[in-house]
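A quick write-up on the structure given underneath.
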Amino acid sequence: MLPCVRGLQPLLALLSSVLLSSWGQNCPTSCQCPDSHTVDCSDRGLTHLPDSIPLDVRRLLLSDNWIAGIPSDFLVLYSDLVYLDLRNNSLSRIEPGTLSTSSRLVFLDLGSNNLTEIPSGTFGESRGLIKLRLGNNPYLSMVSQDAFVGLTSLRELELEQNALSSLDVRVLGQLPSLRRVRLEGNPWVCNCNFAKLFAWLMENSQKLPTVLWAHGPSCGMTVLGPSGRMTVHILQEATELRASIA
């Protein structure tokens, strides 16, 4: 080994020790920080967001806790956050504007909570968001028409296993990058709104190669499609969106 390299070894060891110590000191109590930009507070019995989260955190894992709310200014402080996992908590509402400053957020999981509605302005202008999980919220019965306005990069949307009986087709129509949507396990009501939604999904089947609709309603209806009127029969036992057109 060259003498100059050998002389640097103690300095490199000291620098590594300082960095590791710094990560540990900045890590919230009862959480783990496997690297300088990840904070893992999963399954810690938390009832609120932990204190002293490093401001430069990029991946924040908070799943499997009892967190009931998110402060409206939360993401103002954590502007570098790209991955936020809040699944399986006790969230009942996300205040409009809470996520409006999350310009770098790419992945957001709010599944398996107690959300009841997704109002307009919930996600603001989160233009970088690619995957949004909202499934398995058993009380989620309302998604506002403008709930997802501004999510121009969103490719995957999960709304399965909720309490949705209807969904305005404009909710999906405002997502130009959408390629995958999950809608299965909701108590859909076969009415005009549902017919419009189904027709839109059929018309956009090439853009949306994956539309999961397992355990959907069993009904027949006549809708106006791109080539005229068509009768659609939705099969309850289907594992994916399927229809027979007469």
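We did not get these values from a lab; they are worked out from the coordinates using the rules stated. As the structure is a prediction and not an experimental result, all values here were calculated from the model. A quick note on method: Cβ atoms are made from the backbone with ideal geometry, for glycine too, and the neighbour counts reach across all protein chains shown.
Each peptide in 168-178, 53-63 receives the mean, over its residues, of other Cβ atoms within 10 Å, and ordering these scores from highest gives 53-63, 168-178. The Cα-based radius of gyration of segment 59-198, divided by its Kirkwood radius, gives an Rg/Rh of 0.95.
Histogrammed with a bin width of 5 Å, the alpha carbon distances of segment 115-200 distribute as 3, 16, 25, 29, 20, 6, 1 percent, first bin at zero. The mean sequence separation of alpha-carbon pairs under 8 Å and at least six residues apart, normalised by the residue count of segment 40-170, gives a relative contact order of 18 percent. Per-peptide packing, taken as the mean over residues of other Cβ atoms within 10 Å, places 73-86, 104-117 in the sequence 104-117, 73-86 from highest down.
For a protection proxy built on the mean count of beta-carbon atoms within 10 angstrom, sort 185-192, 143-150, 45-52 highest first, please.
Highest to lowest by the protection proxy: 143-150, 185-192, 45-52.
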